[in-house]
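Participant: So that we are looking at the same thing, I have put the structure below in structure tokens.
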Amino acid sequence: MRQQLTENFVEKAANLEISMIYVKGGTFSMGSDINESRTNEKPVHRVSLTDFFISQYPVTQSQWKMVMGSSPSFFKKKRDIGDFPVESVSWVECIEFTDRLNELTGKKYRLPTEAEWEYAARGGENGDKSKYAGSRYIKDVAWYGEEDGSTHRVGQKEPNALGIYDMSGNVWEWCNDFFEQYQPDIQTNPRGPKYGIRHVCRGGSWEDIADNCRVASRYSYPTAYHSNTLGFRLAHDIF
């Protein structure tokens, strides 16, 4: 029997280099009932997850270009696009990316579920109760609030407890799930509803207010929606 991989790894197939962080499963309280929380963040409910991997950074323009052939991003930097997050990609296009990546690597990359995203942003089983992904202070971990700004190179702010970067700010990140209102039931490895017209996105972006960059903040867009504030990161089940 093949031994399970339970440590961080770097995907190096097809000239790619994608750092994946091992996230040990556990049970956490998903959502928020603090004063600034919105209706769609309630009720707080218990969720249990098995182990998984999530990428250390959002998918970058160079990674997208290597897999898909060109970058669709609005913010194409004149010098080095490599380390800037890809944006202006729809949920459907992200699925096309993971399908092609899986053909190249022989693995099964996917979008994280909404529960996986929040659990990882909070720091996993040993996470704290920080409002943002890695800190109580948003300026430590996030690019945000830049009405006339743009995306920034990934990994320039501080990481969270798991060593993951940019889960607050920089770009919103697509999740696998169709959007639905939370239910109070205890859940195990939730995948969201089977049908819907809007997919969840998380984390806030370079132009958002701090409130949108909280780990519990959630929003949704139609499946084919594009925006220069919207990108994604990868997940993978345990081998």
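Laboratory data are not the source of any read-out in this text; all were calculated from the coordinates shown. No experiment lies behind these values; they were computed from the predicted model shown. Note: ideal-geometry Cβ built from the backbone for every residue, glycine included; neighbour counts use all protein chains shown.
Participant: What translational D, rounded to a whole number of µm²/s, comes out for segment 9-237 from Stokes-Einstein when the hydrodynamic radius is the Kirkwood one over Cα pairs, at 25 °C and 0.890 mPa s? List each step's numbers first, then the result.
Facilitator: On the way: Rh = 17.3 Å.
Estimated via Stokes-Einstein, D reaches 142 µm²/s.
Participant: Looking at the calculated P(r) for segment 57-124, what percent of the C-alpha pair distances fall above 17 Å?
Facilitator: On the way: 1085 of 2278 pairs.
Across segment 57-124, Cα pairs with separations above 17 Å total 48 percent.
Participant: Using the Cβ atoms and a cut-off under 13 Å, what net charge is assigned to the surroundings of R136, where Lys and Arg are +1 and Asp and Glu are -1? Write out the running numbers ahead of the final one.
Facilitator: Numbers: positive: R122, K129, K131, K139, R214; negative: D128, D140, E158.
Charge balance in the 13 Å sphere: +2.
Participant: Right, here's the next one. Tell me whether segment 104-239 comes out rounded, prolate or oblate; compute the Cα gyration tensor, take square roots of the eigenvalues as a ≥ b ≥ c, and use a/c under 1.5 as the rounded threshold.
Facilitator: Note, shape of segment 104-239 comes out rounded.
Participant: Counting helices only, and only those DSSP H runs with n ≥ 4, report the 222 nm mean residue ellipticity of the chain as the sum of -39,500 (n - 2.57) divided by its residues, in deg cm²/dmol to the nearest 500.
Facilitator: Details: 4 runs with 36 residues, N = 239.
Taking each H run of at least 4 residues, the total per residue is -4500 deg cm²/dmol.
Participant: Could you tell me which of the pairs K65/K108; K12/K131; K131/K194; K42/K108; K108/K194 are separated by over 27 angstrom between their Cα atoms in the structure shown?
Facilitator: On the way: K65/K108 19 Å; K12/K131 34 Å; K131/K194 30 Å; K42/K108 32 Å; K108/K194 20 Å.
Those over the limit are K12/K131; K131/K194; K42/K108.
Participant: For a quick check: sort F84, F75, F9, F232 by the number of other beta carbons within 10 angstrom, fewest at the front. Let's see the in-between values first.
Facilitator: On the way: F84 24, F75 19, F9 14, F232 29.
Placing the least packed residue first, the sequence is F9, F75, F84, F232.
Participant: A follow-up question, please. For Y182, what is the net charge nearby, where nearby means another residue's Cβ is under 13 Å from its Cβ and Lys, Arg count +1, Asp, Glu -1?
Facilitator: Values: positive: R38, K42, R46, R218; negative: D33, E41, E114, E118, D177, E180, D185.
In short, -3.
Participant: Can you tell which of I164, P112, F53 lies farthest toward the positive end of the dipole of segment 9-237, using +1 and -1 charges on the Cβ of basic and acidic side chains (Lys, Arg; Asp, Glu)?
Facilitator: About the Cα centre, the residue reaching furthest to the positive side is F53.
Participant: Report the trypsin sites (Lys or Arg not before Pro) located in segment 161-206 that are in a DSSP loop and have at most 12 other Cβ atoms inside 10 Å of their Cβ, or state none.
Facilitator: Sites meeting the loop and neighbour criteria: K194.
Participant: Output wanted: per-residue J couplings in Hz (rounded whole) for segment 181-198, from phi through Karplus 6.51 cos²θ - 1.76 cosθ + 1.60, θ = phi - 60°, x for Gly and Pro.
Facilitator: 3J(HN,Hα) across segment 181-198, in whole Hz: 5, 4, 10, x, 5, 5, 10, 10, 6, x, 10, x, x, 6, 9, x, 10, 10.
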